[in-house]
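Trainee: Below is a structure I'd like to ask you about.
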Amino acid sequence: MESLRILFFILCMQKCTPQSWWLSPENGPTCKTGTCGETSDTCECSLTIEHRLTMLTQNPPLILRPGSGNLYWYNDTSYAKPITEKSKAEVIIGDGYGSRSVIAINGKFPGPTIEAYEDQTMIIHVRNLMHTDSTTIHWHGMHQKGTPEFDGVAFISQSPILPGHTYTYKFTAQPSGTNFYHAHIGDQRSMGLYGGLIIYPKYKFYSQPQVGFTVLIQDWNHDDEPETLYQRMLNGVLDLTSNTIKEPTQSYDGASFSRFHMHSGLINGKGRFHTANNYGSYSNNGAPLETFEVENGQSYRFRVISAATLYPFRVYVQGHPELNITAADGFEIVRGTGSNSSELIVESFIIHPGERYDFTLSANKNPDTYLLVAESIEDLSSRNPREYHAAEAFIHYKERAFSYKDKDSENQDHCTSVAPCITFNCPYLYYPTSMRRRCITFDQANSNEYLTKSKEVQIVDETLFFNFAFPGEPGNTPGSVNGRQFIYPTFPILTNEAALTTPCKASECGEDQICSCTYSIELASDWIYQFVITNLGNGRGWSHPVHLHGHNFYVMKMGFGSYDTDTGKLLASTTDIECIGTKNYCNEAKWADSSWATGNNIPGLQLNNPPEKDTIIVPTGGYVVIRFKADNPGAWFFHCHIDLHNTNGMGMVFLESKDKYPFKDSKANSKEEGSHQRLVLFTLLVLAFTLY
């Protein structure tokens, strides 16, 4: 037996690495003490993933009910005695309606926010304690320069982490800004597998405060888990009260939102469920909300992150009609350039899945409790029964006692026809005139980055068109890019491209064909690429937030269709782009004006300090022009950040600078290493049994 212990020790010397797990809050912080500080070289954290239920206490597990901002035992029907604050802190609340399954990280939903500093080495151990589900974690906003294998996309950069297994991610914290981490397999993000990732800049010249509040927004469904949601999106949802199929809601321009039904919204895992009465007013279930404490006369940075499954939200603060937008996806922005530059002051802004927006709020109003509201941009005016879909949190001035507020019913009273409220980052050009609201699209902002490299993208090496849509004939309208529904490979394409069995074939894919394959395009090293991302043809009708891994890009222009300026409805798609083919799939496209194909002849192109981003909304019937330099070797996913659309195949891969892959020969090396290890193991086993 002693010989077997020696054998185990020798094998561990070969393969095992020690790992101490510390869980929050019972066993210590999420990140190791002595790391992640301003003077630390590393930030080392551990994340343990498991399923939990909402509205349930721990030890012993007892079901709860909400009321007036508190939680009560399920059998306390008179709401006589709320549970203690300590017990409430251990409860995953959701919107307080029923009890449903979520994915918790270190016992929390959403997962704990990780705060680190630019250029630190991030070492993050992920342990999967889910019983049957595999997972991966994508570090949304991190460029993974030199570490593409840690980008965290299943079967693109890594194999999934199996149940009971552990995987360690190691990468450099770049760039700084507001980011987040989330699952990148199936639709697990909608179950809560996400958390904030804030990287503070190493330079101190930024005028705006860096420390502030992190606001994670999610749309919430009471009934369904990811696989069910996906099937309902494809096949429909039956309304049992009317025995009819539920039709998807629409935004104000007429774009659809698919069949994922939103019951309420959450901020940092908390929300409340609103219902309408026969008199047209709303009541809520009194579930507790997140509270942000402020002091009168101070300014605060709010880092807003959309981890939503599907829906965009319009974000505003009750009683505070001026928000100063300072950053988008971690990159600082302003309005105008040079001497004409000014702060980007708006009444509200729209945030789409995958986007992050930072704003500063001056706490200079009458001390009270106000609502931070993220309201769905669905047009619910004709919905029967009436519904209200919003994520809410409290902003409480410390100078006055806290008061529990109901729905903000007066949020538009300060908007007038003479002085309409300004909303930033609209996916359309107009609101209905009756709403007294004016849109500013994202391309009307400018970069305020001290180290911007926008001069690099003045001259383009190649222009590529990508149509994100649901084209095809009835019964065959898959989510796709250029008519190609993405099929994930069975091995990570980054390191095992030779094993790919599902490449796109010219005979099956084309301007008038719909195909299913692993869509990939090679990008040449250090070229300047111009992407024209479109949402055109018979597959348009949904606006898509498109995310590029491994890079940020410059938003050079946003193109829109034509609208009814009174109702705000989209009338026709843009005429700037010509779709090629007879079936109007728009799998291939070109500029309608051939003179736009070369140089910088595109009207409205933002060449002077264009804003930077990594996720951009592509409006239905329109397009976005982006540019970036292909200076990051790897296999990078390019996809719609709506979970259900991505799962349905709306994505593709860029194989960038293949000649510079850091793991180009990893397959051969792993075979050689595996043979060596098997030889060592066999020798040790023979030795052990001989000694035994």
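Trainee: Of all residues in the range 302-326, count the ones that are closer than 18 Å to LEU197 by Cβ and either open to solvent by 20 Å² or more (accessible area, probe 1.4 Å) or within 16 Å of the chain's Cα centre (by Cα) (or both).
Mentor: Of the residues in the range 302-326, 6 are closer than 18 Å to LEU197 by Cβ and either open to solvent by 20 Å² or more (accessible area, probe 1.4 Å) or within 16 Å of the chain's Cα centre (by Cα) (or both).
Trainee: Please go through the range 484-539 and give me each residue that is acidic (Asp, Glu), at negative phi and in a loop (DSSP other than H, G, I, E, B), ordered by number.
Mentor: GLU508, GLU511, ASP512
Trainee: Tally the residues that are hydroxyl-bearing (Ser, Thr, Tyr) and under 12 Å from the mean Cα position of the chain (by Cα), restricting the search to the range 610-651.
Mentor: Residues that pass the stated criteria total 1.
Trainee: Taking the range 518-548 as the search range and keeping residues that are out of contact with any Phe, Trp or Tyr (no Cβ under 8 Å at 6 or more places or on another chain) and more than 12 Å from VAL618 (Cα to Cα), which one is surrounded by the most Cβ atoms within 10 Å (Cβ to Cβ)?
Mentor: In this case the residue turns out to be GLN530.
Trainee: Checking ASP593 against (1) free of Cβ contacts under 8 Å to residues at least 24 places away in the same chain; (2) within 21 Å of CYS504 (Cα to Cα); (3) charged (D, E, K, R), only one condition comes out false. Which one?
Mentor: Result: ASP593 fails condition (2) only.
Trainee: Another question about this same structure. Those residues that are of a type in the set (Asp, Glu) and open to solvent by 10 Å² or more (accessible area, probe 1.4 Å), I need them from the range 122-154; list them, please.
Mentor: ASP133, GLU149
Trainee: To continue, here is another question. Would you mind finding the one in LYS583, LYS664 that is farther than 24 Å from LEU310 by Cα, touching a helix residue (DSSP H, G or I) at 6+ places or on another chain (Cβ under 9 Å), at pLDDT 95 or above and open to solvent by 50 Å² or more (accessible area, probe 1.4 Å)?
Mentor: From the options LYS583, LYS664, the qualifying one is LYS583.
Trainee: Right, something else. Based on this model, can you work out whether LYS86 counts as open to solvent by 50 Å² or more (accessible area, probe 1.4 Å), out of contact with any Ser or Thr (no Cβ under 6 Å at 6 or more places or on another chain) and at pLDDT 95 or above?
Mentor: no
Trainee: Shifting gears a bit: How many residues does the range 378-402 contain that are at pLDDT 85 or above, of a type outside the set (Gly, Ala, Ser) and not in a strand (DSSP E or B)?
Mentor: Residues that pass the stated criteria total 9.
Trainee: Select from the range 403-427 the residues that are among the hydrophobic types (A, V, I, L, M, F, W, C) and in a strand (DSSP E or B) and list them in ascending order.
Mentor: Scanning the range 403-427 gives CYS421, ILE422, PHE424.
Trainee: While we're on this one: If a residue must be over 19 Å from the mean Cα position of the chain (by Cα), touching a residue at least 40 places away in the same chain (Cβ under 8 Å), closer than 18 Å to ASN496 by Cα and buried (at least 21 other Cβ atoms within 10 Å of the Cβ), how many such residues does the range 156-169 contain?
Mentor: Of the residues in that region, 1 qualify.
Trainee: Give the residues of the range 454-489 that are loosely packed, with under 14 Cβ neighbours inside 10 Å and more than 20 Å from PHE638 (Cβ to Cβ), sorted by residue number.
Mentor: LYS455, GLN458, ILE459, GLU473, PRO474, GLY475, ASN476
Trainee: Kindly evaluate GLY621 against the criterion of being in a loop (DSSP other than H, G, I, E, B) and farther than 16 Å from ARG540 by Cβ.
Mentor: Here the answer is no, as GLY621 does not meet what is asked.
Trainee: Taking only pairs six or more apart or across chains, which ones have beta-carbon atoms under 8 Å, a first residue in the range 605-633 that is within 11 Å of VAL555 (Cβ to Cβ) and touching a residue at least 40 places away in the same chain (Cβ under 8 Å), and a second residue that is in a strand (DSSP E or B) and of a type in the set (Asp, Glu)?
Mentor: Correct list of pairs: empty, since none qualify.
The values are calculated or read from the model by the stated rules, or taken from the named source; none is laboratory data. In this text, all values refer to a predicted model and were calculated from it rather than measured experimentally. Note: ideal-geometry Cβ built from the backbone for every residue, glycine included; neighbour counts use all protein chains shown. Heads up: the accessible areas ignore ligands, DNA and RNA and are worked out on the full protein's heavy atoms, side chains in. Shrake-Rupley method; radii C 1.70, N 1.55, O 1.52, S 1.80 Å.
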